[in-house]
Amino acid sequence: MRYMLMIYLDETKFEPMTQAERDGFTNGMLDFDEELIAGGHYVVSEALQLPSEAVTVRKWDGALSTTDGPFMETKEHLSGFFVIEARDLNEAIRVAGRMPLATMGSVEVRPLKVLERIPS
């Protein structure tokens, strides 16, 4: 089964860090990628730009609108994601718990839902 691991971080925790400390987290996450690949869990992962770079798109009542970020008053924001293969939710949770950034924020583990076309 596939699971999405969504990484939420509070950027204020990174502000007091030195560049070397920040680089350590980057390298740790790249090492984590390699660990997942070696263990057969890895599907895909990406880091995201800060919320200030995002745009929300809506098409309500036929009208297209966009809103620049940031969007809500919250300390944590979605900063990256992984899609992994795991036997079950417990294994996905164990994988998420090994992620270096889990020590600086939170990781939401959510099963992916496979959509199938419904005959009409």
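Please specify each residue of segment 6-30 satisfying the condition of being part of a helix (DSSP H, G or I) and free of Cβ contacts under 8 Å to residues at least 12 places away in the same chain.
Residues satisfying the conditions are GLN19, ALA20, GLU21, ARG22, ASP23, GLY24, THR26, ASN27, LEU30.
Can you tell me which of (1) surrounded by 14 or more Cβ atoms within 10 Å (Cβ to Cβ); (2) over 26 Å from VAL114 (Cβ atoms); (3) in contact with a Pro (Cβ under 7 Å, 6 or more places away or on another chain) is the one TYR3 doesn't meet?
(2)
Can you spot a residue in segment 26-41 that is farther than 26 Å from LEU112 by Cβ and hydrophobic (A, V, I, L, M, F, W, C)?
No, there is no match, as no residue in segment 26-41 is farther than 26 Å from LEU112 by Cβ and hydrophobic (A, V, I, L, M, F, W, C).
Got at least one residue in segment 72-80 being surrounded by 10 or more Cβ atoms within 10 Å (Cβ to Cβ), touching a His at 6+ places or on another chain (Cβ under 8 Å) and among the charged types (D, E, K, R)?
Among the residues of segment 72-80, not one is surrounded by 10 or more Cβ atoms within 10 Å (Cβ to Cβ), touching a His at 6+ places or on another chain (Cβ under 8 Å) and among the charged types (D, E, K, R), which makes the answer no.
With a cut-off of at least 1 residues that are in contact (Cβ under 8 Å) with a residue 40 or more places away in the chain, name the strands (runs of 3 or more DSSP E) lying wholly within segment 45-120.
Passing ranges, in order: 76-85, 105-111.
A short reminder: the numbers here are calculations on the coordinates, not readings from a lab. Remember, it's a predicted structure, so these values are computed and weren't measured experimentally. When we count neighbours, we look across all protein chains shown, and the Cβ atoms used for this are built from the backbone with ideal geometry, even at glycine.
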